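Novice: Just passing along the structure, written as structure tokens.
Every number in this text was worked out from the coordinates using simple rules, so none of it is lab data. Because the structure is predicted, anything quoted here is derived from the model rather than measured. Don't worry about glycine lacking a Cβ; one is built from the backbone with ideal geometry, like all the others, and counts go over all protein chains shown.
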Amino acid sequence: MAEAKKYEITVAVQTHYIEDQSNPEDSRFVFAYTVSLTNTGTVPAQLISRHWIIRDAADAEQQVRGLGVIGQQPLIKPGDKFEYTSGCALNTPVGTMRGSYQMVADDGTQFNADIPEFTLAMPRVLH
């Protein structure tokens, strides 16, 4: 059996198209995303900052960096989960997001929690 990693945050994302805030005629497509961060490591870790890479279908890229998420810098204990919802607007009906969270463990060790790439898509655009 593999030994548990000391510093490990598992990230899962669910997305949702926000039709009433979108305006396809003006190339405005708004999406919400709910992120779940689960501390699958063995030491408590605090989320300090985030780095997002957002790309639309026209290959336009924006990078977003900032402290915390939704105004918080949560401390996540081993086995615990922190969940939040945020959103973004794209100029195309499909795009992707990926990135990382910068974490600091209780022992002072800094590490990144990768956010796997996920797709934002207006319903009925992709099969």
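Novice: Please express the Cα-Cα pair-distance distribution P(r) of region 1-88 as a list of whole percents, one per 10 Å bin, running from 0 to the bin with the greatest distance.
Specialist: So the P(r) values, bin by bin, are 14, 39, 29, 14, 4, 0.
Novice: Can you work out ³J(HN,Hα) from phi for every residue in region 71-87, in order, using Karplus 6.51 cos²θ - 1.76 cosθ + 1.60 and θ = phi - 60°, giving whole Hz and x for Gly and Pro?
Specialist: Running phi through 6.51 cos²θ - 1.76 cosθ + 1.60 with θ = phi - 60° gives x, 10, 10, x, 8, 10, 7, x, x, 8, 10, 10, 10, 8, 10, 9, x Hz.
Novice: Return the long-range amide H neighbours of SER22 (sequence gap of 5 or more, or a different chain), with a cut-off of under 5 Å between placed amide H atoms.
Specialist: Residues meeting the criterion, in which the H sits 1.01 Å from N, are VAL30.
Novice: Follow-up question, since we're still on this one. What stretch of the chain, leaving out the sites themselves, is the longest with no trypsin sites (Lys or Arg not before Pro) in a DSSP loop having at most 13 other Cβ atoms within 10 Å?
Specialist: Numbers: sites that count: LYS5, ARG124.
The answer is 6-123.
Novice: Ok, one more. Expressed as a rounded percentage, what relative contact order does the chain have, with Cα pairs under 8 Å and six or more residues apart? Intermediate values should be presented prior to the final figure.
Specialist: On the way: 306 pairs, mean separation 37.0, N = 127.
Normalised by residue count, the contact order of the chain is 29 percent.
Novice: Mind telling me which of THR38, THR85, THR109 comes out most flexible in a GNM of the chain, alpha-carbon contacts under 10 Å?
Specialist: With Cα springs under 10 Å in the chain, the top fluctuation among THR38, THR85, THR109 is at THR109.
Novice: Search the structure for amide H atoms under 5 Å from the amide H of VAL43, placed 1.01 Å from N in the peptide plane, and list their residues when 5 or more places away or on another chain.
Specialist: Answer set, sorted by chain and number: GLU8.
Novice: Ok, one more. Could you derive backbone 3J(HN,Hα) for region 7-24 from the dihedral phi with the Karplus parameters 6.51, -1.76 and 1.60 (θ = phi - 60°), listing whole Hz in sequence and x where the residue is Gly or Pro?
Specialist: In residue order, the calculated couplings are 10, 8, 10, 9, 10, 10, 10, 10, 10, 8, 7, 9, 4, 6, 9, 9, 9, x Hz.
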